[in-house]
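Reviewing the structure listed below.
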Amino acid sequence: MKRWAGFAVLLALAGCTTTVSGTARPEPETPPANVALVDPVRTASVLTAVKAATEAVFSYDSTAAPAYEKAIADNLTPGARDELAKLFAEVRKSTEPIRLVTRVIVSAAAEETPDKARVLTVLDQSSTRAGVTSKGIASVRLATVREGDRWRIGEIDVNPAGSPPVVERPGAGDRVFARVRDSARDGALRAAEALLQVDPADPEGTYARYESVSTGPLLTQFRQDKAARLNQIRSGSAKASPVPNPAAAVMEVVDDKASVLLHATTDVTGVTGTAGQTTKKHLPIVLRLQRLPEGWKAAGVESVQPLP
């Protein structure tokens, strides 16, 4: 049976059994602690509500201040209002009319319970001031709470790091799916750690790490371009190392395939013009995974791009 959550198709895996004194009997199907994607209709509803709230409070028009204040009151808790006020302090101090339009590019629920959710989202932002428009993207993790029929944003974390994952107990029914979902998240984290490393002093080792976590089209691409890729690594001036514990949320699981949204940060050193200083590079990416007997591997990597 397949289940839908927005554009995601989710597999409802068959329940397992527990053997006691040689007799197999089903374990009670208690729900998992984290129901993200387990209840696809609910997850889709949460993501839709958080998308609307996010686009409302991260957009700003200096000529329509009352509407913006209403959006804040409707969609943020008092604590989150203070956080957003700090983020928007410079924007709201502008002496020139300014308009900021924010749209959600992609989002996924990292954690979800009946009354709370943590959503990882990548935003497209377009700012216009004095006739000049600039664009950019930003990764944000939002902790939300349900108040009646409305989901309000309670915490805002820009360029987030990972949070300690909920450890699901083995079991039957939905808990089986929850463990598969979490194994996909963990597989994406392992793949990202290898794929985001670049060490010009060890091109062979760097390339070997790429191959070790890849499969399908991505592995084929690596092998076809091996010589050129090794030369590129060897001749490069920058070393990139991923910062531990990137933020991750599973977008979908379909049979033995999964898609995971990550916000990764890398420390880049040795770039020409930085005098050996380390700079941080923020990378919102989507990993397309394939589950193999030895575990999840990356079949594709996509960087999140601004909307047209």
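The values are calculated or read from the model by the stated rules, or taken from the named source; none is laboratory data. Values in this document were obtained by computation on a predicted structure and should not be read as measured data. Here the Cβ is made from the backbone with ideal geometry for all residues, glycine too, and neighbour counts use every protein chain on show. The area values use the complete protein model at the heavy-atom level, side chains included, leaving out ligands, DNA and RNA. Shrake-Rupley method; radii C 1.70, N 1.55, O 1.52, S 1.80 Å.
Details
- Evaluation of HIS263 against (1) surrounded by fewer than 18 Cβ atoms within 10 Å (Cβ to Cβ); (2) within 21 Å of ALA110 (Cα to Cα); (3) modelled with pLDDT of 95 or more (one fails), failing number: (1)
- Pairing residues of the stretch 198-216 that are open to solvent by 40 Å² or more (accessible area, probe 1.4 Å) with residues that are of a type in the set (Ser, Thr, Tyr), at Cβ distances under 9 Å and at least 6 apart in sequence or on separate chains, gives VAL198/THR206; VAL198/SER241; VAL198/THR266.
- Residues of the stretch 59-80 satisfying the condition of being under 12 Å from ARG152 (Cβ atoms) and either surrounded by fewer than 16 Cβ atoms within 10 Å (Cβ to Cβ) or among the aromatic types (Phe, Trp, Tyr) (or both): ALA73, ASP74, PRO78, GLY79
- Among the residues of the stretch 167-197, those that are closer than 19 Å to LEU230 by Cα and surrounded by fewer than 19 Cβ atoms within 10 Å (Cβ to Cβ) comprise GLU193, ALA194, GLN197.
- Hey, LEU10 modelled with pLDDT under 95 and not in a loop (DSSP other than H, G, I, E, B) or not: yes
- Any hit, the stretch 127-138, residues being under 20 Å from VAL250 (Cα atoms) and either among the hydroxyl-bearing types (Ser, Thr, Tyr) or out of contact with any strand residue (DSSP E or B) (no Cβ under 6 Å at 6 or more places or on another chain) (or both): no
- You will find that of ARG118, ARG146, ARG141, ARG169, the residue that is over 17 Å from the mean Cα position of the chain (by Cα), of a type outside the set (Ser, Thr, Tyr) and part of a strand (DSSP E or B) is ARG146 and no other.
- Restricting attention to the stretch 40-77 and to residues that are in contact (Cβ under 8 Å) with a residue 40 or more places away in the chain and not in a helix (DSSP H, G or I), the residue that is nearest to the chain's Cα centre (by Cα) turns out to be PHE58.
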